[in-house]
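Here the structure is laid out as structure tokens; the discussion comes afterwards.
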Amino acid sequence: MQELSPIESSAFKSLNEVIRWFIDLRWMACIGVSLVLLFSHFLFSFYLQYKILAITTLVLVLLNSTYSYYFYRYKKQYLQRREIHLFFQVQIIGDYILLLVLVFFSGFMVNPLIFFFVFHIIITSFLFTTRIVSLYTTCLVFVIGTISLLQYFKILPVYPLFTNNSSISTQVMLVQTAGFSFLLIITAYLTTSIINKIDARGKQFEVELNRYKSLDKIKSNFILQVTHEIRGPLAAISGFHEMILRGITGEIKDHTKEVITKADRRTDNLLIIIGEMIDFAYMKSSDDSTFTTKELSVRKIISENISNVSIRAEQEDVHLSVACPRHLKIKTNRDLINIILGNLLFNAIKYTETGGNVSLIASEKGHEIHFVVEDTGIGICDDEIEKVFDEFYRSRRARVLEKDGTGLGLSIVQKAVNALQGRIIVYSKEGKGSSFHVFLPAYIEKGKIPGGENAEDFNN
Amino acid sequence: MQRILIIDDDEDIIETVGSLLKFEGYNVDFATTTEQGVEMIKNAPPDLVLLDIMFPDKKTKGFDAAGEIKAINPNLPLFVFTAINREYAFDFSKDDIKADEFINKPVKVDRLVEKIKQYI
């Protein structure tokens, strides 16, 4: 079977429902016609071709039974598009012929049932191309017209609906046929043009859908590219700084050393900022995108994150300590947990003055893993504590202590915590330090990154 | 003297990391393409390999090369050395990559040496 686009396949699936609907409608038609025949025969004593009409109805019943047999038999199988179309064609041609026979033997143009042809044309236009609809309509108009003419020239007999035939002349019937043919053609034209418009819109949606998909890919590639393009040169700059500082390029004066150290520090800050911005962009643009999880050793994650910040801690003369049970495991998303721990640790070090302490403690609490990142840093004052998770928010003291910063770190942390179905609580005392408590479920199968704007606030 | 092979398309990285490692007492070789690097590993096996991931001809070329290098010698310590620190940027898991360590660029030489000493 050929690969179908999502929209096509949904239309394809609904075709099955249409067949079922057809069968149901046809049963109703069978019952209706039978009832009318019975009533007119026994109550009103119309003069009708009961035998032929009864046979026609019987044929309809048999055909419909066959259709439903095939329908239920092949329902579970995926039929080829062509097979389904063929099935429709057979049904529709059968319906046309039976309806024609039915009305022909019961007054033809005088019989109101003839208007069911309009209904048939509409259904046909929903299912087939304009070309096939035109073909059907032309054939129908031709057959009806021919019958009318033949009746007019008395070649074909007229089977009247009422016993008194004299009131209906074949001339009137001819005019009615012309009008009816016109109605059929107009119906076919209108419905096919409406359907074509709807189809065109559907195709447009499909094009848009594909465009969004490729945009998503472009976005991922963009992140990859930006990370590489910006970090690559910065890595080289940082390396050259280190070469100078280590004296590989020759002896350097103290002042030069001081300047290069400052330059290197700003370069490191820039790297952090770029990292935050990329994570932020990822969290923002991945609304409702699912992520996978893996079983990870908490100890390993912690040691990775600690080693990422250890140099910085050394530079700032901040003492790092860690505590984590050896066999603690967590099934979660690695990127997101790294975002959480990395940012919290980095913040703690950044806002702790020389000689201070930063600790990361992990423990098991029921079905949750409890992480605490504690520092003896500058703390957050009471009126600001509610805003620290806001995007781009930096506290007054933070801005004084460290010039560089996006104010995105904690907002990213909170988004990541929400995505991992956890919660984060912050306790802080100005001048004494802060502690961030993160509770993450020990086991999640997969998850979604929730919409950025409506993310719940867990801070208190 | 232990020999470290750096495979990276960025010559500045080779120069900086290379000279810093030399300063720390290592012998440093380099290759600017993975093909060249793999060839060098075949001909004269180093003691440790530092491998970049993104190359101009293919964004995840380093991953392929990691597999090739580990196929030649599974015991050769291999550090993936990349500016990309997130799995989401790659669309696949670090666990699928045959590397002993992931080092994020830039790295201070002290930390790099610390990691190297765990292997050689």
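The values are calculated or read from the model by the stated rules, or taken from the named source; none is laboratory data. Quick caveat, the model's predicted, so the values are computed rather than measured. So basically every Cβ, Gly included, is an ideal-geometry build from the backbone, and we count neighbours across all protein chains shown. To get the accessible areas, we keep the full protein, side chains included, count just its heavy atoms, and leave off ligands, DNA and RNA. Shrake-Rupley method; radii C 1.70, N 1.55, O 1.52, S 1.80 Å.
What the table shows:
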| read-out | value |
| --- | --- |
| Residues of segment B:47-62 satisfying the condition of being of a type outside the set (F, W, Y) and within 13 Å of chain A (Cβ to nearest Cβ) | B:L50, B:D52, B:I53, B:M54, B:P56, B:K58, B:K59, B:T60, B:K61, B:G62 |
| Any chance A:S307 is assigned by TED's automatic domain parsing to the domain that holds A:K415, touching a strand residue (DSSP E or B) at 6+ places or on another chain (Cβ under 8 Å), within 22 Å of A:T352 (Cβ to Cβ) and of a type in the set (S, T, Y) | no |
| A:I248 being surrounded by 11 or more Cβ atoms within 10 Å (Cβ to Cβ), assigned to a loop (DSSP other than H, G, I, E, B) and away from chain B (no Cβ under 14 Å) | no |
| Any chance A:K219 is exposed (fewer than 14 other Cβ atoms within 10 Å of the Cβ) and either within 14 Å of another protein chain (Cβ to nearest Cβ) or part of a helix (DSSP H, G or I) (or both) | no |
| Every residue from segment B:20-46 that is within 12 Å of chain A (Cβ to nearest Cβ), touching a strand residue (DSSP E or B) at 6+ places or on another chain (Cβ under 8 Å) and surrounded by 15 or more Cβ atoms within 10 Å (Cβ to Cβ) | B:L21 |
| Residue among A:I385, A:I339, A:I380, A:I361 that alone is assigned to a helix (DSSP H, G or I) and of a type in the set (V, I, T) | A:I339 |
| Residue match in segment A:5-12 (condition: assigned to a helix (DSSP H, G or I), modelled with pLDDT of 75 or more and either β-branched (V, I, T) or under 35 Å from the mean Cα position of the chain (by Cα) (or both)) | no |
| Segment B:95-111, residues that are among the basic types (K, R) and more than 7 Å from every other protein chain (Cβ to nearest Cβ) | B:K98 |
| Test: residue in segment A:152-172 that is within 30 Å of A:F105 (Cβ to Cβ), in a helix (DSSP H, G or I) and of a type in the set (V, I, T) | yes |
| Among the candidates A:L161, A:L140, residue that is surrounded by 16 or more Cβ atoms within 10 Å (Cβ to Cβ), aliphatic (A, V, I, L, M) and under 15 Å from A:V33 (Cβ atoms) | A:L161 |
| Among residues of segment B:81-94, those that are in a loop (DSSP other than H, G, I, E, B), at the interface with another protein chain (Cβ under 8 Å from one of its Cβ atoms) and not β-branched (V, I, T), counted | 6 |
| Cross-chain or 6+ apart pairs with Cβ under 9 Å, segment A:34-45 first and in the same structural domain as A:S106 (by TED's automatic domain parsing), then surrounded by 10 or more Cβ atoms within 10 Å (Cβ to Cβ) and of a type in the set (A, V, I, L, M) | A:S34/A:A54; A:S34/A:V61; A:V36/A:L113; A:L37/A:L48; A:L37/A:L53; A:L37/A:A54; A:S40/A:L48; A:H41/A:L48 |
| Criterion violated by B:T16 - all others in (1) closer than 27 Å to A:I244 by Cβ; (2) open to solvent by 50 Å² or more (accessible area, probe 1.4 Å); (3) at the interface with another protein chain (Cβ under 10 Å from one of its Cβ atoms); (4) of a type outside the set (K, R) satisfied | (2) |
| Boolean, A:V298 is surrounded by 14 or more Cβ atoms within 10 Å (Cβ to Cβ) and modelled with pLDDT of 90 or more | yes |
| Any hit, segment B:112-120, residues being within 10 Å of another protein chain (Cβ to nearest Cβ) and either at pLDDT 90 or above or not in a loop (DSSP other than H, G, I, E, B) (or both) | yes |
| Candidate set from segment A:251-274 (those that are more than 21 Å from B:D12 (Cβ to Cβ) and in a loop (DSSP other than H, G, I, E, B)); member that is farthest from the other protein chains (Cβ to nearest Cβ) | A:K253 |
| Unmet requirement for A:K284, which otherwise passes all of (1) within 30 Å of A:P325 (Cβ to Cβ); (2) in contact with a Gly (Cβ under 7 Å, 6 or more places away or on another chain); (3) more than 10 Å from chain B (Cβ to nearest Cβ) | (1) |
| Members of segment A:289-320 that are away from chain B (no Cβ under 11 Å), part of a strand (DSSP E or B) and within 43 Å of the chain's Cα centre (by Cα) | A:T290, A:S297 |
